[in-house]
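Worksheet for the structure shown next.
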Amino acid sequence: MAMKLTVIGCSPAWPNPGGAHSGYLVEGPRRLLLDCGPGVLPRLRASENWPRVDAIVITHFHLDHWGDLVPWVWGTMYGLGSESAQPELWLPPGGADHLATLGKRLGFPDMFERTFRLRQYEDATPFEAAGLSVTPLQLPHYMLETYGLRVANARRTLAYSGDAAPSARLVELARGADLFLCEATLERGELDGEPRGHLAADEAVAAHEEAGAKRLLLTHRPAELDLDPVLERAYDGLELEL
Ligand SMILES: [Zn+2]
Ligand SMILES: [Zn+2]
């Protein structure tokens, strides 16, 4: 059984022109969505009335990685989503409480738990979602608790950095993966804040090489930043088989 990746959206914290924020659909053969930033839901709806997704995994609570869970709620309560099965929603530790707090401000305290089957993962503890094995690894990303995801079926492994600074754990995440979907947000590493939170393209390449991953796909990169043409750059709508 192979694995298929579709880049639904790959913008950084501000949207690329016409782009959606982070959202990566993995099919192998059931359907797992990695992150669900603003613009992801309408993209998914372009090919079906309401997305048929078995599970969603959120890497961290920066808005560009989870924002479209909010309209997903409204579409489930009042729209075509009411006819679909509830997806599992896998969250970082404490994520269910965090969503309940946000729900109080955005609508209802239980709006997310009425829409999704809430689950919380733990660092370095594999779980199964949509028939795939997912291992979250906590990675440095400024001061926010953030995870990268290693997604595997019997034959293929995809490593997704989420948002991350350079670290030994990032290399561990990507070790031997068939595809390393890695952020390359920065023009240069020294332009980052302190503590660091993102990667420059050369840092993503270094992590990829140290990890011995097979293919590198760079993402979460502002459209206005160049990239060496020998490197593969994600774009919304890209589909590839691992
Ligand atoms: Zn981000
Ligand atoms: Zn972030």
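The values are calculated or read from the model by the stated rules, or taken from the named source; none is laboratory data. Just so it is clear, the model here is predicted, and its values are computed rather than measured. Don't worry about glycine lacking a Cβ; one is built from the backbone with ideal geometry, like all the others, and counts go over all protein chains shown. Quick note on the areas: whole protein, heavy atoms, side chains included, nothing else; ligands and nucleic acids left out. Shrake-Rupley method; radii C 1.70, N 1.55, O 1.52, S 1.80 Å.
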**Request:** Note down all Cβ pairs under 8 Å where the first residue falls in the range 114-128 and is open to solvent by 90 Å² or more (accessible area, probe 1.4 Å), the second is of a type in the set (Ser, Thr, Tyr), and they're at least six residues apart or on different chains.
**Result:** Arg114/Thr76
**Message:** When the residues of the range 137-166 are narrowed to those that are within 20 Å of Pro12 (Cα to Cα) and out of contact with any strand residue (DSSP E or B) (no Cβ under 6 Å at 6 or more places or on another chain), which ends up nearest to ligand 1 (Cβ to nearest atom)?
**Reply:** His141
**Message:** Here is a list: Trp74, Trp66, Trp14. Which entry is over 17 Å from Tyr160 (Cβ atoms), open to solvent by 10 Å² or more (accessible area, probe 1.4 Å), of a type outside the set (Lys, Arg) and within 16 Å of ligand 2 (Cβ to nearest atom)?
**Reply:** Trp14
**Message:** Cβ contacts < 8 Å: first residue open to solvent by 20 Å² or more (accessible area, probe 1.4 Å), restricted to the range 212-230; second residue among the charged types (D, E, K, R) and assigned to a loop (DSSP other than H, G, I, E, B), any location; separation 6+ or different chain. Result?
**Reply:** Gly212/Arg175; Lys214/Asp178; Arg215/Asp178; Leu225/Glu187; Leu227/Arg221
**Request:** Considering every residue within the range 134-144, establish whether at least one is in contact (Cβ under 8 Å) with a residue 60 or more places away in the chain, more than 16 Å from ligand 2 (Cβ to nearest atom), under 23 Å from Cys182 (Cβ atoms) and part of a strand (DSSP E or B).
**Result:** yes
**Message:** Just the residues that are of a type in the set (A, V, I, L, M) and touching a strand residue (DSSP E or B) at 6+ places or on another chain (Cβ under 7 Å), please, taken from the range 181-204.
**Reply:** Leu181, Ala184, Leu186, Leu199, Ala200, Ala201, Ala204
**Request:** Exactly one condition in (1) more than 16 Å from ligand 1 (Cβ to nearest atom); (2) crowded, with 19+ Cβ neighbours inside 10 Å is not met by Val40; state its number.
**Result:** (1)
